[in-house]
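Beneath this line is the structure, given in structure tokens, with notes to follow.
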Amino acid sequence: MDLTLVILAAGLASRYGGDGLKQIDAVGPRGETLMEYSVYDAIRAGFTHVVFVIRPEIEAEIRARLARFPAGVRGDCVFQSLEAVPGWFTVPAGRRKPWGTGHATLAATGVVQTPCVVINADDFYGRSAYEAMVDHLRQTAGQTPPLFALVGYRLRDTLSEFGGVSRALCRFGPDGLVQSVTEVLSIARDGDRITGRTPEGQAAEMTGDELVSLNCWGFTPDAFPMLDARFAQFLRERGTHASAEFLISTAVNDLVAAGQARLRALPAQDRWCGMTSRQDRKDVTRRIAEFVRHGDYPARLFDR
């Protein structure tokens with residue numbers, strides 16, 4: 001089975017300093033980016049196609065890195081554009097930011113023809129995440145309704161000491177499948193507590209044991225028309241809101257609630273790390289250096 005990795009790398013990196021270069025910031029010993037470690041892990045798990053969802057400003061940099069990938073691995077670049085909306089919708093005057101992770105995923109429509117894994121460019125998920133996704137996608141192909149997947153991490157292991165983070169909390173049904181995925185914003189430690197707020201502004205308190213999604217999703221090609229229909233509904237309901245975002249987690253939650261899809265959580269076996277803020281980069285670079293020293297990754301990821 002052919003498999004595609006879709007990397008969401010079009011973000012504006014506002015919490016990283018606003019220069020938009022987080023996606024191509026070097027964290028490896030030979031200048032490798034964090035997303036190149038994701039590509040490396042995906043390739044050794046069996047992926048043969050990589051799609052980068054980007055902005056035009058970083059296309060030359062991404063294509064230069066694509067040229068170093070091993071023979072037999074195909075790479076594509078697609079753009080997330082604010083203007084990529086249905087013909088009946090008019091983008092509100094003054095809006096500059098695209099429509100979120102769900103919209104970014106839709107930018108790969110037509111390029112992805114296989115089961116796929118969608119990830120963030122600025123998160124490190126670990127080799128086992130891709131291996132688990134491969135097993136899931138191969139075992140569940142053709143099921144109706146489709147059985148999508150996410151790799152879940154314990155909330156306490158995904159916090160940043162440099163500010164609040166957004167996470168999608170999973171709730172499980174009696175069958176062991178994910179019943180709902182709820183976005184919680186500004187999650188941070190507050191003494192012995194972990195607190196956050198819902199998108200509606202309500203206070204939330206968590207234990208840290210909750211399983212959360214960090215945007216590592218396993219989809220069949222059925223997901224694209226489903227997400228497209230949800231995006232149209234989002235625009236009708238919230239498209240005029242200046243900061244509204246069409247998030248993957250919310251869209252999948254709605255699909256599960258409507259019975260159009262099912263969702264399985266694959267518990268992570270590796271420790272996550274990521275770069276929400278610029279201060280996180282030091283820890284990520286240190287972690288990568290440890291991986292290289294222990295032989296988990298070569299000093300040079302791609303020899304070509």
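Values quoted throughout were computed directly from the atomic coordinates according to the rules given, and no laboratory measurement underlies them. Note that this is a predicted model, so its numbers are computed, not measured. Here Cβ is always computed from backbone atoms with ideal geometry, including for glycine, and neighbour counts include all displayed protein chains.
Residue order for 243, 249, fewest other beta carbons within 10 angstrom first, comes to 243, 249. Look at the dipole of the chain built from charges on Cβ: of 213, 301, 130, the Cα furthest out on the positive end belongs to 301. Ordering 47, 168, 23 by Cα displacement along the dipole of region 4-293 toward the positive end leaves 23 in first place; charges were set at the Cβ atoms of Lys, Arg (+1) and Asp, Glu (-1).
Subtracting the Cα-Cα distance of residue 197 and residue 67 from their residue separation scaled by 0.36 nm leaves 42.5 nm. As a calculated quantity, the FRET efficiency between residue 229 and residue 76 at R0 = 25 Å, using C-beta atoms, amounts to about 0.55.
Across region 190-304, the convex hull enclosing all Cα atoms gives 218 Å³ per residue. Once Rh is set to the Kirkwood radius over Cα pairs, what Stokes-Einstein translational diffusion coefficient, in µm²/s, holds for region 1-128 at a temperature of 37 °C and a viscosity of 0.692 mPa s? Using the Kirkwood radius from Cα pairs, D works out to 214 µm²/s.
Counting only C-alpha contacts under 8 Å and six or more residues apart, can you give the relative contact order of the chain as a whole percent? Reported as a whole number, the value is 25 percent. In summary, the chain shows an alpha-carbon radius of gyration equal to 0.95 times the 2.2 N^0.38 Å reference for compact globular proteins. Here region 241-304 yields Rg over Rh of 1.16, to two decimals, using C-alpha coordinates and the Kirkwood radius.
Hydrodynamic radius of region 141-181 by the Kirkwood approach over all distinct alpha-carbon pairs: 12.6 Å. Counting 0.36 nm for each residue step from residue 95 to residue 171 and taking away their Cα separation leaves a gain of 24.0 nm. Considering only 276, 66, 7, and ranking their Cα positions along the charge dipole of the chain that arises from unit charges at the beta-carbon of Lys, Arg, Asp and Glu, the one farthest toward the positive end is 66. Could you give the length gained on full extension between residue 286 and residue 83, defined as 0.36 nm per residue of separation minus the Cα-Cα distance, in nm? Stretched fully, the residue 286-residue 83 segment lengthens by 69.2 nm. Note on region 80-167: Cα-Cα pairs beyond 18 Å make up 63% of the total pair count.
For the chain, the membrane-span-like helix rule (DSSP H, alpha carbon extent of at least 24 Å along the helix axis, mean Kyte-Doolittle at least 1.0) picks out no helix; this says nothing about an actual membrane.
Here the sum of -39500 (n - 2.57) over DSSP H runs of 4 or more residues, divided by the residues of the chain, equals -8000 deg cm²/dmol at 222 nm, to the nearest 500.
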